[in-house]
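The values are calculated or read from the model by the stated rules, or taken from the named source; none is laboratory data. Nothing here was measured: the structure is a model prediction, and the numbers come from that model. For neighbour counting, all protein chains shown are included, and Cβ atoms are generated from backbone atoms with ideal geometry for every residue, glycine included. Note: accessible area is taken over every heavy atom of the protein model, side chains too, but ligands, DNA and RNA are not part of it. Shrake-Rupley method; radii C 1.70, N 1.55, O 1.52, S 1.80 Å.
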Amino acid sequence: MKLRKITQKVKGFDCFFSLLVCIFFFICLLLGSPYFFNQQNILSLQASIAPYTMLAAGMMLLIIMGMFDLSVGSVMGFSGIFCAYLLTRNLPIMIAVVLALAAGAGIGALNGVLVAYAGISPLIATIGTQFIFRGFCELIMTSELAVSLTGFPEGFLKFGNMRFLGLYPMTWIMLLIVVLLQVILMKTYLGKWFYYIGGNKISASTMGFPVKGMTFLAFTISGFMSALGGIMSVARSQAASRYLGNGIQVDILIACVVGGGSLLGGKGDVAGALTGTIFLILLDNAFNLFGINSLFKGVVIGGILMFVVAIDGMVAMRRMKAQGKI
Amino acid sequence: MEHGQLKRHIKLSDYTGIILVILVFMLFALTTDTFLSSSNIYAILYGVSIQFFAVIGFTFLIIMGEIDLAVGSTYCLSGIFTGYLYAAKGWPLWLAIAVVLIVCGLFGYMVGVLVTLFRLNSMMVTLGSMSFVAGTAAVIFNSFVQTTYSQQYRAIAKWKLGTVHWTIIVMVLITVVLEICLKRVPAFRKMYYIGNNSATSILYGIKVDRIKRIAFMLSALTAALGGIISTSRISYSSLATGEGLEFSLITACVVGGASLDGGRGSILKSLLGMLLLAMLTNGLSIYRIDPFIQNIVTGAILILAVFVDVRLDKKGART
């Protein structure tokens with residue numbers, strides 16, 4: 001009886017499906033490959049899961065509201081490169097990081113203004129900013145400035161490589177933020193607003209929810225998180241790369257949808273962003289470990305996404321039919 | 001949306017595309033020596049005429065408020081697949097092209113079925129199909145030895161009617177025919193009704209799902225056709241073909257005056273948008289401006305065009 005209650009409660013989470021898949025996948029990898037659970041592999045997994053999850057978490061907040069942000073990859077790249085630039089100009093680490101985060105949040109805020117106050121659709125606004133800031137990344141990294149972006153201070157490198165209880169500091173930060181956002185989503189009014197607005201924007205606005213303000217807030221958070229992911233990535237790889245975050249936005253979007261989000265809005269949670277990202281990274285890892293040609297990755301991911309979306313649509317349709325809406 | 005296409009009053013926002021094209025053209029024509037040379041103009045037209053194939057089906061979808069993000073990867077796949085059948089399997093060229101077009105068309109139709117059957121968000125579905133098709137393209141690409149294709153394959157894009165490449169002539173013909181169809185022929189007008197209000201269209205007896213499926217099929221088919229010609233032009237297969245094409249097509253359509261909500265846009269407008277982007281790339285490289293700044297300019301123009309459009313639209317709604 002009690003077990004049933006618990007399972008029902010767990011099933012209520014939008015990330016339930018992806019969590020199951022992740023656990024299943026994890027066990028398969030554990031049994032299938034002797035190299036999966038060695039320290040080196042786990043560390044390299046963390047190094048990609050932590051930054052990606054940051055981006056996915058920011059994106060998930062937008063997806064809950066029925067929007068998305070295609071500029072996350074460019075923001076990640078731009079903030080990472082900006083942070084590297086500041087660090088190599090001998091600024092204190094804290095100030096450099098804060099400025100880079102502010103830059104990311106600023107770009108996010110720009111997206112927010114374009115969408116919420118200028119009335120441009122999220123797709124177009126964020127494609128635009130994606131082009132613009134990818135252009136800036138390329139511009140910086142192909143100029144003579146790029147050569148000087150090495151040799152970061154000791155403390156920053158430590159942030160990327162130090163381990164605390166077997167995990168990188170960035171993984172701890174990531175877990176902390178995911179838990180924090182999840183609690184905010186589930187327990188606070190602010191969190192509920194995301195779902196109300198995603199469920200029905202017009203009635204939310206009629207009921208007096210600050211739809212525009214929330215849109216602005218969500219885009220700003222997304223920019224901030226992308227910047228955080230970029231800084232983590234730079235700290236880990238100890239270099240600013242021209243391709244940092246290039247084309248990553250599609251992967252992040254897929255991670256969020258696999259993690260239980262729906263582009264129609266009103267659905268998803270930040271834990272799902274984590275499990276969706278873990279799933280994608282594990283899939284990538286599986287291709288490496290089993291020596292399968294990584295070219296099949298795109299086929300598999302695309303197939304899975306189409307499958308998940310179709311199932312999601314089928315369930316929604318059945319629900320609507322039951323309610324007599326069709 | 002209700003005040004969109006149905007009323008026949010002149011709206012400034014209908015002409016943003018042509019105004020921008022003329023402005024940019026004048027700018028480059030007056031400030032550079034080489035832009036206005038006939039070979040340069042011809043190069044721009046020829047480049048656009050190949051990508052233009054991909055925008056045909058895509059525009060139909062945009063008009064109906066749907067989107068197909070898989071155009072870029074289909075564009076890439078078709079060239080590689082044709083090369084595989086032709087060069088590695090030794091099929092006759094016409095058969096290879098026919099098979100590729102049929103396969104891509106069927107795949108597009110399947111995506112359309114998926115979208116219409118479960119009322120799915122087409123962006124989500126095509127996000128998946130984009131990844132799927134791009135993956136398939138990569139798999140095929142690595143399964144045969146890459147060489148420069150033989151003369152026969154390369155001749156497709158080079159074929160000329162008189163002194164003009166056939167793609168340019170076809171581009172002009174298709175634009176004229178489809179533009180008239182979209183204005184006058186009821187079967188095409190239906191797409192605007194669907195884009196304006198899908199639910200009402202169903203009530204009026206328009207077979208929304210069927211039209212959407214056909215449009216998805218057309219989108220994949222035309223993208224595949226463009227990809228084959230593009231591969232024929234560069235004379236070898238490359239995974240970079242069509243990279244980011246979906247986004248530049250969206251930019252072209254929207255700058256030309258389409259709306260992602262549906263109900264607006266036309267083939268001519270999409271063509272104008274593509275011409276604008278091509279002229280920008282061309283003109284900025286005459287100025288020896290970094291190709292990366294072109295990214296920045298493209299993004300800024302996209303946002304600006306839509307922003308102006310939204311403002312004008314709001315004013316129109318108020319009066």
Assuming a ≥ b ≥ c are the square roots of the Cα gyration tensor eigenvalues, decide whether the stretch B:176-244 counts as rounded (a/c under 1.5), prolate (otherwise, with a/b larger than b/c) or oblate. prolate
If R0 = 51 Å, then B:GLU243 and A:ARG318, at their Cβ-Cβ distance, give a FRET efficiency to the nearest 0.05 of 0.85
Rounded to the nearest Å, the spacing of the alpha-carbon centers of the stretch B:93-116 and the stretch A:169-198 is 43
Taking the stretch A:156-276, the whole-percent share of alpha-carbon pairs separated by over 18 angstrom is 61
A:ARG242/A:VAL300 FRET efficiency (R0 35 Å; Cβ-Cβ; nearest 0.05): 0.80
What translational D, rounded to a whole number of µm²/s, comes out for the stretch B:102-169 from Stokes-Einstein when the hydrodynamic radius is the Kirkwood one over Cα pairs, at 37 °C and 0.692 mPa s? 215
For the stretch B:211-319, with all protein chains present and a 1.4 Å probe, just round the carbon and sulfur fraction of the accessible area to a whole percent. 63
FRET efficiency for B:VAL164 and A:ARG4, Cβ-Cβ distance as r, R0 = 60 Å, nearest 0.05? 0.20
Specify whether the C-alpha gyration tensor of the protein assembly as shown places it in the rounded, prolate or oblate class, a ≥ b ≥ c being the square roots of the eigenvalues: rounded for a/c under 1.5, otherwise prolate if a/b is larger than b/c and oblate if not. rounded
CD proxy at 222 nm, helix term only [per DSSP H run n ≥ 4: -39500 (n - 2.57); per residue of chain B; nearest 500]: -24500 deg cm²/dmol
Under a crude label model (7 Å from the Cα following the beta-carbon direction), how far is A:LYS187 from A:SER148 in nanometres? 4.8
Could you grab the relative contact order for chain A? Cα pairs under 8 Å, six or more apart, rounded to a whole percent. 36
Kirkwood Rh over alpha-carbon pairs of the stretch A:74-209 plugged into Stokes-Einstein at 37 °C, 0.692 mPa s gives a D in µm²/s of 184
Sort out the exposed loop chymotrypsin sites (Phe, Trp or Tyr not before Pro) in chain A (DSSP loop, at most 16 other Cβ within 10 Å) and tell me the longest stretch that has none. A:38-242
On each of the three principal axes the extent of the alpha-carbon atoms of chain A, given in whole Å and largest first, is 64, 53, 36
Rg (one decimal) and Dmax (whole number) from the Cα set of the stretch B:255-307, in Å, equal 12.4, 39
Ratio of alpha-carbon Rg to the 2.2 N^0.38 Å globular estimate for the stretch B:46-197, to two decimals, please. 1.17
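Could you compute how much accessible area chains B and A hide from each other, both sides summed, with a 1.4 Å probe? Nearest 100 Å² is fine.
On the way: alone 15920 and 16350 Å², together 28580 Å².
Buried: approximately 3700 Å² between A and B.
Within chain B, which complete DSSP H helices have Cα atoms spanning at least 30 Å along the helix axis and a mean Kyte-Doolittle hydropathy of 1.0 or higher?
Span-like helices in chain B: B:38-63, B:93-117.
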For a distance above 31 Å, tell me the whole-number percent of Cα pairs in chain B that qualify. 32
Loop-located chymotrypsin sites (Phe, Trp or Tyr not before Pro) in the stretch B:104-212, at most 16 other Cβ atoms within 10 Å (DSSP): B:PHE144, B:TRP159, B:TYR204
Given the C-alpha centroids of the stretch A:25-99 and the stretch A:110-151, what is the distance between them in whole angstrom? 18
Roughly how far apart, in whole Å, are the Cα centres of the stretch B:121-152 and the stretch B:232-285? 20
Accessible area of the stretch B:222-265 divided out per residue, in Å², using a probe of 1.4 angstrom: 25
How far apart, in nm, are the 7 Å Cα→Cβ label points at B:ASN142 and A:SER205? 4.7
Testing the spin-label approximation: label points 7 Å from Cα along Cα→Cβ at B:ILE102 and A:LEU157. State their distance in nm. 6.2
Once you order the gyration tensor axes a ≥ b ≥ c over the Cα atoms, which shape class does the stretch A:189-252 get: rounded for a/c under 1.5, otherwise prolate or oblate by comparing a/b with b/c? prolate
Cα convex hull volume per residue for the stretch B:164-319, in Å³, equals 152
Could I get the Rg over Rh figure for the stretch B:193-281? Both from C-alpha atoms, Rh via Kirkwood, rounded to two places. 1.06
Which residues belonging to the stretch A:81-116 lose at least 20 Å² of 1.4 Å-probe accessible area when the assembly is complete, relative to their chain isolated? A:LEU114
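So what is the diffusion coefficient of the stretch A:216-271 in µm² per second by Stokes-Einstein at 25 °C and 0.890 mPa s, using a Kirkwood Rh over Cα pairs?
The estimated diffusion coefficient comes to 190 µm²/s.
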